[in-house]
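The values are calculated or read from the model by the stated rules, or taken from the named source; none is laboratory data. Please read these numbers as outputs of a predicted model, since none were measured by experiment. Glycine gets a Cβ as well: all are built from the backbone with ideal geometry, and neighbour counts include every protein chain shown. Areas reflect the complete protein model, heavy atoms only, side chains present, ligands, DNA and RNA absent. Shrake-Rupley method; radii C 1.70, N 1.55, O 1.52, S 1.80 Å.
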Amino acid sequence: MEGIVPLWKPKGMTSHDCVVKIRKLFQTKKVGHTGTLDPEVEGVLPICVGQATKIVPFLTDTKKTYVAEMTLGYSTETEDSHGQIVEKKEVSQPLEEMEIISVLQQFQGKITQVPPMYSAVKVNGKKLYEYAREGKIIDRPERMVYIDNITLLSINSDQTEAPRISFKVTCSKGTYIRTLCVDIGRALGFPAHMSQLIRTKTGSFEQKDCFTFEQIDNAINNGLADRVLAPLKKGVAHLDTYYIDTLDKYKVSNGQKLPLPDNLPKTNPFLVQYKEELMAIYQIHPANKNEIKPVRVFARNEGR
């Protein structure tokens, strides 16, 4: 059995917890998730089963969409609502909607982020959260990420509690929404933290495509496991397709290189398909620009 399970990850579970549970449900060890979600975050988490694990890096590399809530007035060591408060500043006047929209627009496009100390980014072979748990704060390398779109959803400026701003953001792989909230708050003139987060889309998988663990369990128990498995191609729908003929089918199924095609796809890497069958993922050969070479091969070897 193989395919992609579009899981709606519940709060309280790590992404690895979800992989372990899917392994048990499908009774297979060949399972991999496609982008870590923190335990207190819910949302779209595609999980690859069987041969679909070959596309994990390509699905992980897709754009993600989130609905985030940030709270102004105090920041925390973890940049979310679960850490110790490190800075406070009263928000004495309600913020104007146009001011918030203007600041959000400043974060659209290429931006630079410094990963939070409580993250799995490695520095000198050690994860940042391991340093943080030892009480150490170290220099972290900046990273460039891309914000495709960021839109204000709502403002809660109830004077009895800290102001909360909700926004929707579509961004590149590696974007820390916690850090984005902190940086937006700073641009507004206040310490801030991420108080809630939901991932609503990963690549071509949206909230409406997803299944809960209960739904997946019921489908398997009723012999309908295939209904909760999306085809492998849906996970790489962001890549262009190069169609081959019967002569090249044998070469591709055996992982051979091919001449650079005249009608080269716009993406690199790209899908290689024979009729309706997805056979492989190829890329332009890095050492010989006149050839294309396989990155992943899905089709079984064939005799002539």
Segment 45-164 - Kirkwood radius from inverse mean 1/r over Cα pairs (Å): 17.6 Å
Spin-label proximity, R23 to segment 46-86 - amide N less than 13 Å from point 7 Å beyond Cα toward beta carbon: 50
Aspartates and glutamates with Cα under 14 Å of K293, excluding same-chain neighbours fewer than 8 positions away: D248
Those trypsin sites (Lys or Arg not before Pro) in segment 86-164 that DSSP places in a loop and that have at most 13 other beta carbons within 10 Å: K136
Added length on full extension, which subtracts the Cα-Cα distance from 0.36 nm per residue, A187 to E276: 27.0 nm
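For segment 6-69, what class follows from the C-alpha gyration tensor (a ≥ b ≥ c being the square roots of its eigenvalues): rounded when a/c is under 1.5, otherwise prolate if a/b is larger than b/c, else oblate?
Oblate is the answer for segment 6-69, as a/c is 1.5 or above yet b/c matches or exceeds a/b.
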Antiparallel DSSP beta bridges within the chain, as percent of all bridges there, nearest 5: 90 percent
Virtual spin-label span in nm between K88 and M1, 7 Å along Cα→Cβ: 5.2 nm
Karplus-derived 3J(HN,Hα), 6.51/-1.76/1.60, for each residue of segment 172-182, Hz, glycine and proline x: 7, 3, x, 7, 9, 5, 4, 5, 4, 4, 4
Loop sites in segment 190-292: GluC sites (Glu not before Pro), DSSP, at most 11 other Cβ within 10 Å: E276
Inter-label distance, nm, simple model (7 Å from Cα along the C-beta direction), Q51/S154: 4.6 nm
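With respect to the cross-link table entries K54/K110; K9/K234; K21/K168, which display a Cα-Cα separation exceeding 26 Å? Kindly include the intermediate steps, with their values, before the conclusion.
Working: K54/K110 29 Å; K9/K234 19 Å; K21/K168 30 Å.
As for pairs spanning more than 26 Å Cα to Cα, those are K54/K110; K21/K168.
Report the convex hull volume per residue for segment 260-300, counting only C-alpha atoms, in Å³.
Roughly 74 Å³ of hull volume per residue.
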Rounded tilt (10° steps) of 15-26 against the dominant C-alpha axis of the chain: 40 degrees
Selection from I216, S253, C181, by position along the positive dipole direction of segment 181-256 (Cβ): C181
Helix-only CD estimate at 222 nm, as mean residue ellipticity for the chain, using -39500 (n - 2.57) per DSSP H run (n ≥ 4): -6000 deg cm²/dmol
Cα gyration tensor of segment 154-301 - equivalent ellipsoid semi-axes, whole Å, descending: 43, 24, 10
Per residue solvent-accessible surface (Å²) - the chain, probe of 1.4 Å: 53 Å²
Carbon + sulfur, % of accessible area of segment 150-239 - ligands and nucleic acids excluded, 1.4 Å: 46 percent
Top positive-direction residue, dipole computed over segment 52-114 with Cβ charges, set F58, V91, G109: F58
Loop-resident sites, segment 1-78, for trypsin sites (Lys or Arg not before Pro), counting at most 15 other Cβ within 10 Å (DSSP): K11, K29, K30
Modelled label reach - Q196, point 7 Å along Cα→Cβ, segment 54-91 residues with backbone N closer than 12 Å: 67-71
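Scale the Cα Rg of the chain by the rule-of-thumb value 2.2 N^0.38 Å and send over the ratio, two decimals. Before the final figure, lay out the partial values.
Working: Rg = 22.3 Å, N = 304, 2.2 N^0.38 = 19.3 Å.
Taking the Cα Rg and dividing by 2.2 N^0.38 Å, one obtains 1.15.
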Greater than 29 Å apart at Cα, pairs in K11/K64; K64/K289; K64/K127; K233/K266; K173/K249; K122/K289: K64/K289; K173/K249; K122/K289
